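**Student:** First, the structure itself, so that you have it in front of you.
The values are calculated or read from the model by the stated rules, or taken from the named source; none is laboratory data. Because the structure is predicted, anything quoted here is derived from the model rather than measured. Neighbour counts are summed over all protein chains in view; Cβ atoms, including those assigned to glycine, are modelled from backbone coordinates with ideal geometry. Just the protein is used for accessible areas: all its heavy atoms, side chains included, with ligands, DNA and RNA removed. Shrake-Rupley method; radii C 1.70, N 1.55, O 1.52, S 1.80 Å.
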Amino acid sequence: MASTTIDTDTELSAVNAILGAIGQSPVTTLGTVSVTDGITAYDNPEISFIYNLLRDANIDTQAEGWHFNKEEHVPFPPDPITKQIRIDDNVLALDLHDNQAKRTMDLVRRDGFLYDKIKHDDKFDSTLDLDVIYLRTFENLPIVFRRYIIYRASRMAATQLVANPQLVRLLGVQEQQARAALMEYECNQADHSMFGFEQGSSYQTYQPWRNLRR
């Protein structure tokens with residue numbers, strides 16, 4: 001019996017989905033790429049524009065911080081010589097773990113390094129324990145996030161390239177439905193609690209049926 005396979009979304013298929021949403025023909029390749037000041041551009045201006053919309057929607061969505069791209073207690077050791085802590089470009093946000101309670105530092109990224117606004121210094125003597133939001137590649141996102149990003153970028157493309165308010169509203173509805181699926185996935189995966197328990201902890205609520213067993 002042959003197994004059923006479903007191709008996962010790639011950047012190429014995502015661009016083609018956006019093109020299809022606005023009534024444009026698909027492409028077989030994104031074309032020749034060039035990168036200037038961190039901005040990706042392709043030789044086809046329309047493809048380059050669509051790709052940048054996809055990139056922006058991807059970054060904006062991931063910057064919110066989700067279970068799949070947020071990690072706590074990440075050690076960041078300083079350089080043994082300069083005492084600086086380098087922050088890679090794939091870090092979207094960071095903060096000292098449990099800093100809301102301790103408030104011992106006010107950390108930001110500055111010129112590619114960690115900077116303490118309280119001490120007005122970017123030199124650190126020991127490893128810091130940080131909570132980090134990472135930027136993951138599009139192919140490594142959960143499927144519900146990829147679909148939401150595609151719909152979000154499609155609505156943006158329709159708004160800027162197509163003079164069709166009905167199409168924009170239709171794509172907006174699809175985006176809202178994808179957002180709902182995304183939130184359901186997030187709640188199931190992250191096991192969020194209104195009590196705000198620490199990561200790795202749990203709470204067993206009162207269960208009346210246990211008394212009936214006696």
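**Student:** Condition first: out of contact with any helix residue (DSSP H, G or I) (no Cβ under 7 Å at 6 or more places or on another chain), open to solvent by less than 70 Å² (accessible area, probe 1.4 Å) and basic (Lys, Arg). Can you find one or more residues in region 95-115 that meet it?
**Tutor:** No: region 95-115 contains no residue that is out of contact with any helix residue (DSSP H, G or I) (no Cβ under 7 Å at 6 or more places or on another chain), open to solvent by less than 70 Å² (accessible area, probe 1.4 Å) and basic (Lys, Arg).
**Student:** How many residues does region 157-181 contain that are within 17 Å of Gln24 (Cβ to Cβ), surrounded by 14 or more Cβ atoms within 10 Å (Cβ to Cβ) and of a type in the set (Gly, Ala, Ser)?
**Tutor:** Adding up the residues that qualify gives 2.
**Student:** Next question. Only residues that are open to solvent by 60 Å² or more (accessible area, probe 1.4 Å), over 18 Å from Thr137 (Cα atoms) and assigned to a loop (DSSP other than H, G, I, E, B): list them for region 45-78, please.
**Tutor:** Pro77
**Student:** Looking at region 141-153, is at least one residue among the aromatic types (Phe, Trp, Tyr), surrounded by 15 or more Cβ atoms within 10 Å (Cβ to Cβ) and more than 16 Å from Trp66 (Cα to Cα)?
**Tutor:** Yes: one or more hits.
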